[in-house]
Amino acid sequence: MNQYVSPFAERYCGEEMLRLFSPDTKFRTWRRLWIALAEAEKELGLPIADAQIRELKAHEADIDYAAARRFEEKLKHDVMAHVRAYGEQCPKAAPIIHLGATSMYVVDNADLIIMREALELVRLELVNVVAALADFARRWEAAPTVAYTHFQPAQLTTIGKRACLWIQDLLLDVEEADRRLGGLRFLGAKGATGTQASFLALLGSEEKARKLDERIARAMGFPSVWRVAGQTYTRKADSQILSALAGIAESAHKFANDLRLLQHLREIQEPFETEQVGSSAMAYKRNPMKSERMTSLARLLLVLGQNASFTAANQWFERTLDDSAGKRIAIPESFLATDAILRLYHDVASRLVVNETVIAANVRRELPFVATENILMAAVKAGGDRQALHETIRRHSMAAAERVKEGRENDLLERLESDEAFKRVRFGDVLRPERYVGRAPSQVREFLKAEVEPVLRRHEKLLGWKPDVKV
């Protein structure tokens, strides 16, 4: 308890994302890359023995971290420390470990491998949040609720239609995750400045140097490599990936803010556990703490995305080391923040509490104002003067609004019904809430069928994720 521990590890994230960005995953991936390099170099004619490859594979997961730390204290170089530690365990293979490579061969390629797996996990989480909200939208597709513009009561919509607005943002995020995964390329074996000069000298031909790149990429599950690179892959790749994660932050922040406002109105609330405490002082409080945490983490994620943009903009020529320290923090924490946000999002979206009585009361309170245009049209059809009727409605509306501000009931309907100008209007027909939601129920059905269901079918194998939320 006397050292800093990341809240991501202690409170917010799932085991799988934490494992992906653990030191052990990184250093095991480095060893996989050294094995792939040695195998490809052997296949292309370098004098590397089968026994050396077997020795490397025998110790692939058996990392002596104490030895690596000892070497790094001496060498001040993490990659060479792990080369030496691996070589101690593999004395036969020691001479050919990291042959022809520069540090970025393992560092950058490992980052790409890990980011690919992390982005696949993010996509799985996104798809399941979409599925949870789709179930909610389907259930409440036709339930009228007050719609707001400028957070002022406007017209009516439905609960399901509002949920579709949240889903639509998430579908864009799924699309972006698909795009980034489809466009991921491997750095491969490019050498100190990206020219493959060291591998050309080792292998003796351009064709073999090119094949080395392709074989290692295939061994690591990548269909393509960056054809041109410096010592590193372009840092715009990181910027684009973190931009996709920042897009998820935007969507989640929008949802969480909406829900916080809805909970203030007591219309829709996030789940609240049986023994959960809302406030240490005010025992009656039921705070939207999960939505608030989502907005807080989303804010952090939006800022972390900017780090990658600054890094991409500031790379000098073929490489500079000012990307390294920030990259080690910004990329893992961006994925960890995304994981934490989506775990909360799924938990909240799959257990939303709808207070139908409150919503109905709010609809009744605002319906007289919403219905005035229909009342006006009905009175005109009955022979009234449109301009005179409009002025009468305006005058009664202002008076009724003042009553509402004083905490009294909205008496606009009573005022209009008792006004001689509206005596021919059948108010019972005019005041059904479902008449004022427009095409919202149909829009929900059409949206779910045309846009949501195809995405869920395409990613059907990803469905069924049920995360736990630690705190």
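Here are some notes:
- Segment 40-57: number of residues that are in a helix (DSSP H, G or I) and touching a residue at least 12 places away in the same chain (Cβ under 8 Å): 9
- Every condition in (1) surrounded by fewer than 17 Cβ atoms within 10 Å (Cβ to Cβ); (2) at negative phi; (3) part of a loop (DSSP other than H, G, I, E, B) is met by LYS74 except one, and the failing one is (3).
- From the options ALA189, ALA201, residue that is surrounded by fewer than 18 Cβ atoms within 10 Å (Cβ to Cβ) and not assigned by TED's automatic domain parsing to the domain that holds ALA40: ALA201
- Taking first residues from segment 410-423 that are touching a residue at least 12 places away in the same chain (Cβ under 8 Å) and assigned by TED's automatic domain parsing to the domain that holds THR392 and partners that are polar (S, T, N, Q) and not in a loop (DSSP other than H, G, I, E, B), the Cβ contacts under 9 Å between residues at least 6 apart in sequence or on separate chains come to LEU412/THR372; LEU412/SER397; ARG415/SER397; LEU416/THR372; LEU416/THR392; ASP419/THR392; ALA421/THR392; PHE422/THR392.
- Selected residue (criterion: nearest to LEU321 (Cα to Cα)) from residues of segment 61-71 that are under 36 Å from the mean Cα position of the chain (by Cα) and surrounded by 16 or more Cβ atoms within 10 Å (Cβ to Cβ): ALA68
- Boolean, ALA340 is in a helix (DSSP H, G or I) and either among the hydroxyl-bearing types (Ser, Thr, Tyr) or surrounded by fewer than 22 Cβ atoms within 10 Å (Cβ to Cβ) (or both): no
- Lone unmet requirement of (1) at pLDDT below 95; (2) acidic (Asp, Glu); (3) more than 30 Å from THR295 (Cβ to Cβ) for GLU10: (3)
- Taking segment 231-272 as the range and being without any contact (Cβ under 8 Å) to a residue 40 or more places away in the chain and in contact with a Pro (Cβ under 6 Å, 6 or more places away or on another chain) as the test, the residues that pass are ARG260, GLN263.
- Residue identified as in contact with a helix residue (DSSP H, G or I) (Cβ under 6 Å, 6 or more places away or on another chain) and under 30 Å from ASP411 (Cβ atoms) among VAL348, VAL370, VAL354: VAL370
- For first residues located in segment 64-91 and not assigned by TED's automatic domain parsing to the domain that holds ASN109, partners that are not in a helix (DSSP H, G or I) and lie 6+ apart or on another chain with Cβ distances below 6 Å form the pairs VAL83/ILE97; VAL83/HIS98; ALA85/ASP64; TYR86/ILE97; GLY87/ILE97; GLN89/HIS59; CYS90/HIS59.
- Filtered residue count, segment 358-375, keeping only those that are under 37 Å from the mean Cα position of the chain (by Cα) and under 13 Å from ARG394 (Cα atoms): 1
- Between PHE310, PHE335, PHE317, the distinction of being touching a residue at least 60 places away in the same chain (Cβ under 8 Å), surrounded by fewer than 18 Cβ atoms within 10 Å (Cβ to Cβ) and of a type in the set (Phe, Trp, Tyr) belongs to PHE317 only.
- Residue in segment 90-106 that is nearest to LEU33 (Cα to Cα), counting only those that are crowded, with 22+ Cβ neighbours inside 10 Å and of a type in the set (Val, Ile, Thr): VAL106
- Hits in segment 454-471 (condition: without any contact (Cβ under 8 Å) to a residue 40 or more places away in the chain and surrounded by 12 or more Cβ atoms within 10 Å (Cβ to Cβ)): ARG458
- Long-range neighbours under 7 Å by Cβ, at least six apart or interchain, first residue within 21 Å of ASP213 (Cα to Cα) within segment 12-39, second assigned to a helix (DSSP H, G or I) and charged (D, E, K, R): ILE35/LYS57
- When the criteria are applied in full, GLU117 meets the requirement of being at pLDDT 95 or above, out of contact with any Phe, Trp or Tyr (no Cβ under 9 Å at 6 or more places or on another chain), of a type outside the set (Ser, Thr, Tyr) and assigned by TED's automatic domain parsing to the domain that holds MET220.
The values are calculated or read from the model by the stated rules, or taken from the named source; none is laboratory data. Since we're looking at a predicted model, the values are computed, not measured. Cβ sites come from the backbone with ideal geometry, for glycine too, and all protein chains shown count toward neighbours.
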